[in-house]
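Okay, structure first, notes after.
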Amino acid sequence: MRLNALFMIAAMFGSAAAMAADEGPRYIVHDRSAERGPLPFSEAVIVGDAVYVSGHIGIDPKTDQAAKDPEVEAKLVMDAIEQTVKSSGLTMDDLVSVTVYCTDLHLYDTFNTVYKSYFHAKYPARAFIGVAQLLRGAHFEVQGIAVRTRAQHKQ
């Protein structure tokens with residue numbers, strides 16, 4: 001049984017690697033404010049059918065800092081994730097895994113109220129992890145992985 005599972009895992013990684021080798025990675029980089037200038041990362045990297053979404057924070061465009069209101073910040077960060085996922089040709093429902101870093105675990109319900117409004121059917125696997133501090137005074141940082149399905153290849 002274990003041997004079969006190992007063969008299946010090896011086959012999955014092998015076919016993913018072959019697809020990635022054929023196409024090569026594509027990088028999604030959004031325009032950034034002049035004050036922040038170019039940063040040393042991409043918003044997402046597409047390899048084969050997978051979209052690896054970098055950590056996003058909910059930046060208030062007026063201040064270039066995280067929004068002070070956690071609910072507003074949650075909406076801003078989820079809007080940023082959605083923009084990145086859509087720019088790769090996918091939707092929020094294509095996310096299969098999401099990691100949320102949060103500086104105050106008491107904000108779990110506040111974040112979830114906003115988060116669940118971005119999905120239409122089933123939710124992706126998710127971790128909600130407490131951390132001491134995030135950049136720009138953020139309460140939340142969100143990253144994820146989305147996957148293009150076979151049905152989407154036919155469209």
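Brief remarks follow.
- Odd one out for Lys122 among (1) open to solvent by less than 40 Å² (accessible area, probe 1.4 Å); (2) in a loop (DSSP other than H, G, I, E, B): (1)
- Positions within the range 90-115 being open to solvent by 40 Å² or more (accessible area, probe 1.4 Å) and either acidic (Asp, Glu) or more than 15 Å from Gly144 (Cβ to Cβ) (or both), in sequence order: Asp93, Thr103, Asp104, Leu105, His106, Tyr108, Asp109, Thr110, Thr113
- Only one of the numbered conditions (1) under 16 Å from the mean Cα position of the chain (by Cα); (2) modelled with pLDDT under 60 is not met by His30, and that is (2).
- Taken together, the criteria place Ser97 among residues that are among the polar types (S, T, N, Q), within 18 Å of Val142 (Cβ to Cβ), within 14 Å of the chain's Cα centre (by Cα) and at pLDDT 95 or above.
- Residue check for Thr149: farther than 17 Å from Gln83 by Cα and modelled with pLDDT of 95 or more: no
- Scanning the range 35-86 for residues that are at pLDDT below 95 and of a type in the set (Ser, Thr, Tyr) yields Ser42, Thr63.
The values are calculated or read from the model by the stated rules, or taken from the named source; none is laboratory data. Computed from a prediction, not measured in an experiment: that's the story for all the values here. All Cβ positions, even for glycine, are placed from backbone atoms using ideal geometry, and neighbour counts span all protein chains on display. Quick note on the areas: whole protein, heavy atoms, side chains included, nothing else; ligands and nucleic acids left out. Shrake-Rupley method; radii C 1.70, N 1.55, O 1.52, S 1.80 Å.
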